[in-house]
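See below for the structure under consideration.
The values are calculated or read from the model by the stated rules, or taken from the named source; none is laboratory data. Only a predicted model underlies this, so the values are computations on that prediction, with no experimental measurement involved. Note: accessible area is taken over every heavy atom of the protein model, side chains too, but ligands, DNA and RNA are not part of it. Shrake-Rupley method; radii C 1.70, N 1.55, O 1.52, S 1.80 Å.
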Amino acid sequence: MNLTHPVIAIYPGSFDPITRGHEDIARRTLRIADRLLIAVAYTATQSKKSLFTVEERVELIQEVFTGDERVEAVAFRGLLVDFARERNARVVIRGLRAISDFEYELQMAQMNRELWPAVETVFLAPELDYSFLSSSLVREVSGLGGDMSRFVSAPVQTRLKAKLGG
Ligand code: PNS
């Protein structure tokens, strides 16, 4: 831990909802950063039909990380780099599950660097068990009655059931 110049990382995404894969990436980040902002975007690059509101997603992240003072869940509007600069977070974290993620991730990393040259994007690989996991699959499978307990934390599971029934 560097108290004079803490490393503040920002982990942006849609998190609709946060999965155990996201949690794994967040916990790995805390090995290399002092503080972590998990930032839910109002505007996502690849638009998807959302299940939870941005506010609900932030609440779920807060519940999942209750008790860990190094983690803050926030929502942001506008450009990621503007929000990151405002919060003095120069390290952007993204999880890289498979080669299929790579092109989209590299484009965003390069664009973010064009917009704010001081930012560095760091890609982290998730635990193998979560390498196929995505929020969109969680939404789909839970909507069809599948058990998601292995893939999302308890507060998320409860909220999924309340939202989707079952
Ligand atoms: O979980 P996602 O949907 O893959 O996350 C994408 C996200 C939210 C990180 C990206 O769309 C984003 O940064 N949105 C904020 C608006 C912005 O800065 N867009 C330009 C990205 S190069």
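Accessible surface of Lys163, taken over heavy atoms with a 1.4 Å probe and every protein chain present, rounds to 90 Å².
Cα centroids of segment 13-43 and segment 67-122: 10 Å apart. With all protein chains kept in place, the per residue accessible area of segment 1-55 amounts to 50 square angstrom at a probe of 1.4 angstrom. Accessible area ranking (1.4 Å probe, heavy atoms, ligands and nucleic acids excluded), largest first, for His5, His22: His5, His22.
Using 0.36 nm per residue of separation minus the Cα-Cα distance, give me the extension gain between Tyr42 and Trp116 in nm, one decimal.
That works out to 24.7 nm of additional length.
In sequence order, segment 44-60 has phi-based couplings of 9, 4, 9, 6, 9, 6, 8, 9, 9, 6, 4, 5, 5, 5, 5, 4, 4 Hz under the Karplus curve 6.51 cos²θ - 1.76 cosθ + 1.60, θ = phi - 60°, and Gly or Pro positions carry x. The C-alpha atoms of the chain define a longest principal axis, and helix 99-115 lies at about 40 degrees to it. For segment 1-55, rounded, prolate or oblate, judged on the Cα gyration tensor with a ≥ b ≥ c (square roots of eigenvalues), a/c < 1.5 rounded, else prolate if a/b > b/c? It comes out prolate by the Cα gyration axes. Legend: residues Met108, Met148, sorted from most to least accessible area (1.4 Å probe; ligands, DNA and RNA excluded), read Met108, Met148. With all protein chains in place and ligands, DNA and RNA left out, the 1.4 Å accessible area ranks Asp68, Asp34, Asp129 as Asp129, Asp68, Asp34, largest first. Rounded to the nearest 10 degrees, the angle from helix 20-29 to the longest Cα principal axis of the chain is 20 degrees.
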